[in-house]
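K.L.:
Here it is, the structure, as structure tokens.
The values are calculated or read from the model by the stated rules, or taken from the named source; none is laboratory data. As the structure is a computational prediction, the values presented were derived from the model and not from experiment. As a convention, Cβ positions derive from the backbone with ideal geometry for all residues, glycine included, and neighbour counts pool all protein chains shown. Accessible surface areas use protein heavy atoms only, side chains included; no ligands, DNA or RNA. Shrake-Rupley method; radii C 1.70, N 1.55, O 1.52, S 1.80 Å.
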Amino acid sequence: MKKILILGDIHANYPALKAIQTYIRPDRFDRIVNTGDFTVYSTFPNETIQWFRKRKKTICILGNTDRRVLRILKGKKIKKPRKKEKRVMYFWTSEKLLPENIKYLKSLPQQTGFTLGSIRIGVFHGTCDDTDEELFPDAPEARFHKLAKDSPYQIHIMGHSHVPYYKIVDGVHFINPGSVGRMFDGDPRASFAILKVKSDKIAVEHFRIPYAVEKVAKGLKKNNLPDIYAKMFRTGTKTN
Ligand SMILES: [Fe+2]
């Protein structure tokens, strides 16, 4: 049996990532997948990226926040986000990222795929069609049918919506692990998933675990960053 740890939308929340590490010991997994959005909204982008850089069995892609940080680093103007507090977080992140971590982010694709035995697995931030698509579990069934029909993958691992779910449509498995570092459902705990594959048998389990949220609030305060995000992390809600 192969075991895959699925992480995503960490948003620089290293205390949440460390809590998962303590809870499940990631090095025992055959692969560690990250659906992107390593960066922005917490103050530990370097620690988060380094956690993946130092591991061998990782499969990582970029998310929209990472792509935007890279655009800023290239000297390009960014139109979005428009909200002042969000822009502060993007520019703070781009200033703090270490060269080796920027190089690592630049090396990552926007989507990827791998195989486990005869099962093909795609990894996307949004969907296989659109890296910025937020595919929620209650999206029209027709959308899932279309994605299932057009894709060569039997399993789609996706992020971006920050909503954990597992659906099987037309024999295709759609998995979203939720967000490690920035959940919005009123439960601030870190969200992740474990995928188990044994020949053609597929099992998915989701987890929510508590972490040291005050470390995140402290990091924001220490760096004079918008207090609104401390509230976001403490309450597990979207504050702006
Ligand atoms: Fe995200």
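K.L.:
Among the residues of the stretch 12-39, which ones are closer than 21 Å to THR112 by Cβ, of a type in the set (A, V, I, L, M, F, W, C) and outside any loop (DSSP other than H, G, I, E, B)?
P.N.:
LEU17, ILE32, VAL33
K.L.:
Next question. Residue check, GLU134 against (1) charged (D, E, K, R); (2) closer than 30 Å to LYS215 by Cβ; (3) modelled with pLDDT under 95, all met but one. Which one?
P.N.:
(3)
K.L.:
Take the stretch 165-192 and flag every residue that is within 14 Å of the ligand (Cβ to nearest atom) and within 18 Å of ASP129 (Cβ to Cβ).
P.N.:
Within the stretch 165-192, ASN176 is the sole residue that qualifies.
K.L.:
What about LYS84, is it open to solvent by 10 Å² or more (accessible area, probe 1.4 Å), more than 22 Å from THR127 (Cα to Cα) and of a type in the set (Lys, Arg)?
P.N.:
So LYS84 fits the description; yes.
K.L.:
Any idea how many residues of the stretch 111-136 are more than 16 Å from the ligand (Cβ to nearest atom) and assigned to a loop (DSSP other than H, G, I, E, B)?
P.N.:
The qualifying residues number 4.
K.L.:
Further question: How many of the residues making up the stretch 120-173 are over 30 Å from MET232 (Cα atoms) and touching a Phe, Trp or Tyr at 6+ places or on another chain (Cβ under 6 Å)?
P.N.:
Count: 4.
K.L.:
Continuing with the same structure: Can you say whether SER42 is in a loop (DSSP other than H, G, I, E, B) and at pLDDT 95 or above, as far as the supplied structure shows?
P.N.:
Judged against the criteria, SER42 is a match.
K.L.:
Kindly indicate which of HIS156, HIS145, HIS162 is away from the ligand (no atom under 16 Å from the Cβ), open to solvent by less than 40 Å² (accessible area, probe 1.4 Å) and in contact (Cβ under 8 Å) with a residue 12 or more places away in the chain.
P.N.:
Matching residue, one of HIS156, HIS145, HIS162: HIS156.
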